Amino acid sequence: MPDPVVHVAELTKIYKVPEREAGLRQAAKALFRRKTRDVRAVETISFDVGAGEVVGFLGPNGAGKTTSLKMLAGLLYPTSGTALVLGHVPSKRERDYLRQMTMVMGNRNQLQWDIPALDSYELNRAIYRLRREDYVAMRDELIELLDVGDLVRKPVRNLSLGERMKVEIVGALLHRPQVLFLDEPTIGLDVTMQKRIRTFIAEYNQRQGATVLLTSHYMADVEALCERVIVIHHGRILFDGALASLADEFAAYKTIGVVLQNGGAPLDGYGEVVHHQGDRVSLRVPKAETSRVAARLLADHEVLDLTIEEPPIEDVIESVFTQPAAL
Amino acid sequence: MSVDVARLPEAGRWRSLFDFYVTTMRTAIASQLQYRVTNYFYMLGMIAEPVVYLVVWTTIADQEGGSVNGITSGEFAAYYIVWTLVRNMNIVFGAPFWEYRIREGRLAGDLLKPMYILHYDLAYFAGWKFVVVAMWLPIAFGLSAVFHPTLDPTALEIVVFIFAIWGAYLVRSMFQGTIGMLNFWTTRGAAVFDLYIAVEMLLSGRLVPLQLMPGWVQTLANFLPFKWTFGFPIESLVGNLSTEQLLLGLCAQALWIGIGLVLFKIAWSSAIKRFVSVGN
Amino acid sequence: MNALRVSWLFLKIGVINELQYRVNFFVQLLQSLIQVGTALIMLALVYSHTTELNGWSESELLSLIGVQVLLGGFIHTFIQPNMQRLMEDVQQGTLDYALTKPEDSQLLISVRMVQIWQVVEIASGLILLSVGLSGVQQSIGVVDAIAFGIALLIGGVLVYCFWLVITTGAFWIVRMENVLELFEGIYQTGRWPVTVYPGWLRYSVTFLVPIGFAVTVPAEALTSRLQWPTLVFAFVFGAAVFAFTRWFWHYGLRHYSGASA
């Protein structure tokens, strides 16, 4: 088995946050001796990512997703533990490493605001020391893939949020990075634009064989792109595996949908009625009892239709995140 | 550990750096040309300062029979008009810009790229100078028409002046950049910056030509960086410095650029350590 | 009066807000010391080469500088923060929040912000002024003091009007960041009596940009230079400028509403 592209072992980040107390005397004291409090943003997380994998980081706000990505991108120095990307220690910020990775932050803008993106791209060419022919080939390919031929000629400040993200992504990929860290790349975009970005990321991953780590609030992003997800909560990894098995592991309930001949019959005795419209009734049933309840329904009533469904992935995630910190 | 990835070949280092400077400067010119009004505001506000000094000293010179400490009204006019150009060259990526860069979260983006931070700022502001100087020309003509400067530089003085204003730009870039690193530790560095500017005012020839200062101040100024960012470039064109003094001045600038660069590098490396451990 | 009540409430909120940041007091103190120190050194330099500048002795000029610092402190405390906020609001399109309130728009945008720690500057201006006046030969009568108060008030109004007219320009020119540098630069001209400036500049800093006017007239009152006609003229001039400013603000507002509709 080849070496992993990203290797993380026991990685921990603890922030020291100054504690401020009210009062003039306290403020004056704080000038000399600062009281601090530890915030454990990421605690002893470990995982490996192989070449070409697309991995989604899931977690509520403040779970430690962005902190993890920033440590991998060399923007944050870990408190302890190991992080290796492409064999480099990110926090050393070696040129050789920086040339092979990129990070896109959904709410940040890295292009020059007042000039067309095309001119900013030229800057990146020089910064990354690209040969002109490589640069032009890559630029034109990306522009075509994202269909931004017109947009790159307008000053960035005149672009809409979604358009800006597209030209931003082109700029971030000109040096053909092998590792992509995408922090909320679709935040604030409308559904069509989210879809467009998603397709593009998949396409880039296919074409370049690049490794992608992404965080997103939108489950749709993760469902479309990531076969593997890492769920982080309170700085710890709760789950690392295939998206499909996430439901198996965490969902406590399944949903049984039935259509009865006698639509009016009360079904409260079988499970929690979550939905009742006309003849169609949805019941929430503990996972272990699903088959027993289904059998009872079939025996007791004249059933026209019966389905057993996994709960939607959002609900599963939500149930994971409502778990308390100490696990 | 070996990872097999397709890596793009690199273009030459110096070629790329040159390329970067040219492209950034072009970018700066293109962006700043869009902001002529705001650039003029800045410049007019800045011009007020030397005009006030000029008027005051001209008044005194006239009162005192034509000159103060041997400087005539015309020479004062020349000094402060050249001052305006030097001041324009002296605007660098300093403390307020560092504050902006950190506050707006722009630093992370710059850190992700394989380029030393100083290059961005030197290149961008160098490009901006071309816009500023173009906009300065009509102001200079206007001031000359009103205040009648006495100015007859030699060819050597002009050449030295051209080097000296860029030298001043670099010296001030290094020191202001170093001071700017304070922003990584505190959001209330303003008083320190003000103190720096005040010392610079007095010891650089920005407030008054150093000739008007007491002797010990003049001596002190020779051994500090400030003079080489204002007084020296101005006097290289306006004053009567000998060839030796002119060349010595350029050497002093080179020395201070070197010292400033070392200071900047030390400050930057501890600033970056702080940045990556605190995160922003 | 509702306008006064609104202003008072905003002031109270602003002060409570600023009191959280007490370190700013020390920062401001240090900045004021630096500012005053530089001014004094310049003054000493000038008077080491002459005994009087255009008929102003060192003590008299010190009083003038005191007035300039005092008025500057007033501007930094009450006027400038509001104008900067206004500019940001226009840029970011958040002015609508202020415009939808049932109160006079000009009043509202003029009293929203206060940077209370800048009063340190007002205090240092007062100190300079009293030190300067103690060195002036003739004593100051009650009439002089009243004239000074009126002249200072007119000066404040003039500066406020100037700032608001410039800021209203933001309705047309969206990017105005450097207007602050422009104003600070021009305000430095007030540190010297307007009479030192050559004709064209004197008229500019008197009428076009009324800084010299705002500072020199009150200082003249204290140094018994002021003539009553000047004060009457200042009053009429101030009223006219205020009326123009009010008209211009509403004109700009109409333009703004038209453009964003």
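The values are calculated or read from the model by the stated rules, or taken from the named source; none is laboratory data. Keep in mind that what you see is a predicted model, and the values were worked out from it rather than measured. All Cβ positions, even for glycine, are placed from backbone atoms using ideal geometry, and neighbour counts span all protein chains on display.
Computed quantities for the displayed model
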| quantity | calculated |
| --- | --- |
| Single residue of C:MET83, C:MET113, C:MET87 found to be buried (at least 18 other Cβ atoms within 10 Å of the Cβ) and either without any contact (Cβ under 8 Å) to a residue 24 or more places away in the chain or not in a helix (DSSP H, G or I) (or both) | C:MET113 |
| Those residues of segment B:237-279 which are surrounded by 14 or more Cβ atoms within 10 Å (Cβ to Cβ) and outside any helix (DSSP H, G or I), in sequence order | B:GLY239, B:LEU241, B:GLY279 |
| Filter pass, A:ALA220 being part of a helix (DSSP H, G or I), at pLDDT below 85 and among the small types (Gly, Ala, Ser) | yes |
| Scope segment A:265-287; condition surrounded by 14 or more Cβ atoms within 10 Å (Cβ to Cβ), out of contact with any Gly (no Cβ under 6 Å at 6 or more places or on another chain) and of a type in the set (Gly, Ala, Ser); matching residues | A:GLY271 |
| C:ILE186 vs. criteria crowded, with 22+ Cβ neighbours inside 10 Å and within 12 Å of chain B (Cβ to nearest Cβ) | yes |
| Test: residue in segment B:57-76 that is free of Cβ contacts under 8 Å to residues at least 24 places away in the same chain, within 24 Å of B:LYS227 (Cβ to Cβ), touching a Lys or Arg at 6+ places or on another chain (Cβ under 9 Å) and among the aliphatic types (A, V, I, L, M) | no |
| Some residue of segment A:130-139 being more than 21 Å from the chain's Cα centre (by Cα), closer than 21 Å to B:ILE117 by Cα, surrounded by 16 or more Cβ atoms within 10 Å (Cβ to Cβ) and within 14 Å of chain B (Cβ to nearest Cβ) | yes |
| Single residue of segment B:215-232 satisfying the filter (among the aliphatic types (A, V, I, L, M) and over 24 Å from B:ALA78 (Cα atoms)) that is surrounded by the most Cβ atoms within 10 Å (Cβ to Cβ) | B:LEU220 |
| Test: residue in segment C:214-224 that is assigned to a loop (DSSP other than H, G, I, E, B), at pLDDT below 85 and surrounded by fewer than 21 Cβ atoms within 10 Å (Cβ to Cβ) | yes |
| All positions within segment B:224-236 that are farther than 11 Å from B:PHE163 by Cα, in a helix (DSSP H, G or I) and over 13 Å from the mean Cα position of the chain (by Cα) | B:GLU235 |
| Which listed residue is closer than 20 Å to C:SER134 by Cβ, within 11 Å of chain B (Cβ to nearest Cβ), within 22 Å of the chain's Cα centre (by Cα) and not β-branched (Val, Ile, Thr), from C:LEU40, C:LEU61, C:LEU30 | C:LEU61 |
| Given (1) in contact with a Leu (Cβ under 7 Å, 6 or more places away or on another chain); (2) within 14 Å of chain A (Cβ to nearest Cβ), number of the condition B:PHE147 does not satisfy | (2) |
| Residue pairs meeting the criteria (Cβ under 7 Å; at least 6 apart or on separate chains; first of a type in the set (A, V, I, L, M, F, W, C), in segment C:197-209; second surrounded by 13 or more Cβ atoms within 10 Å (Cβ to Cβ)) | C:VAL205/C:THR189; C:VAL205/C:VAL194; C:VAL205/C:TYR197; C:VAL205/C:ILE211; C:VAL205/C:GLY212; C:VAL209/C:PHE162; C:VAL209/C:ILE186 |
| Subset tally (residues that are more than 14 Å from chain B (Cβ to nearest Cβ) and free of Cβ contacts under 8 Å to residues at least 12 places away in the same chain) for segment C:9-27 | 5 |
| Counted residues, segment A:87-102 - those being facing chain B (nearest Cβ under 9 Å) and within 17 Å of A:ALA41 (Cβ to Cβ) | 1 |
| Test: B:LEU112 is within 14 Å of chain A (Cβ to nearest Cβ) and surrounded by 15 or more Cβ atoms within 10 Å (Cβ to Cβ) | yes |
| Some residue of segment C:52-64 being within 27 Å of C:ILE166 (Cβ to Cβ), of a type outside the set (Lys, Arg) and part of a helix (DSSP H, G or I) | yes |
| Listing of helices (runs of 4 or more DSSP H) fully contained in segment B:1-107 that carry 2 or more residues being facing chain C (nearest Cβ under 10 Å) and surrounded by fewer than 22 Cβ atoms within 10 Å (Cβ to Cβ) | B:36-63 |
| Members of segment A:172-196 that are in a loop (DSSP other than H, G, I, E, B), more than 16 Å from A:GLY56 (Cα to Cα) and of a type in the set (S, T, N, Q) | A:GLN178 |
| Residues within segment B:184-199 that are within 14 Å of chain C (Cβ to nearest Cβ) and either within 23 Å of B:ILE272 (Cβ to Cβ) or not in a helix (DSSP H, G or I) (or both), tallied | 9 |
| Selection from segment C:149-182 of residues that are in contact (Cβ under 8 Å) with a residue 60 or more places away in the chain, crowded, with 19+ Cβ neighbours inside 10 Å and over 21 Å from C:VAL236 (Cα atoms) | C:THR167, C:THR168, C:ALA170, C:PHE171, C:MET176, C:VAL179 |
| Number of the exception - A:LEU72 against (1) assigned to a loop (DSSP other than H, G, I, E, B); (2) at pLDDT 90 or above | (1) |
| Candidates A:LYS166, A:LYS154, filtered to the one that is crowded, with 20+ Cβ neighbours inside 10 Å and among the charged types (D, E, K, R) | A:LYS166 |
| Subset of segment A:103-114 (residues that are within 7 Å of chain B (Cβ to nearest Cβ) and either surrounded by fewer than 22 Cβ atoms within 10 Å (Cβ to Cβ) or not aliphatic (A, V, I, L, M) (or both)) | A:ARG108, A:GLN110, A:GLN112, A:ASP114 |
| Some residue of segment C:49-61 being in contact with a helix residue (DSSP H, G or I) (Cβ under 9 Å, 6 or more places away or on another chain), modelled with pLDDT of 90 or more and under 30 Å from C:ASN2 (Cβ atoms) | no |
| A:LEU84 being surrounded by 23 or more Cβ atoms within 10 Å (Cβ to Cβ), within 12 Å of chain B (Cβ to nearest Cβ) and not hydroxyl-bearing (Ser, Thr, Tyr) | no |
| Residue count, segment B:142-189 (criterion: free of Cβ contacts under 8 Å to residues at least 24 places away in the same chain and either closer than 30 Å to C:LEU33 by Cβ or among the basic types (Lys, Arg) (or both)) | 2 |
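Okay, residues lined up against (1) surrounded by 12 or more Cβ atoms within 10 Å (Cβ to Cβ); (2) in a strand (DSSP E or B); (3) small (Gly, Ala, Ser); (4) in contact with a Pro (Cβ under 9 Å, 6 or more places away or on another chain):
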{"residue": "A:GLY241", "(1), (2), (3), (4)": "yes, yes, yes, no"}
{"residue": "A:THR255", "(1), (2), (3), (4)": "yes, yes, no, yes"}
{"residue": "A:VAL258", "(1), (2), (3), (4)": "yes, yes, no, no"}
{"residue": "A:GLU289", "(1), (2), (3), (4)": "yes, no, no, no"}
{"residue": "A:ALA299", "(1), (2), (3), (4)": "no, no, yes, no"}
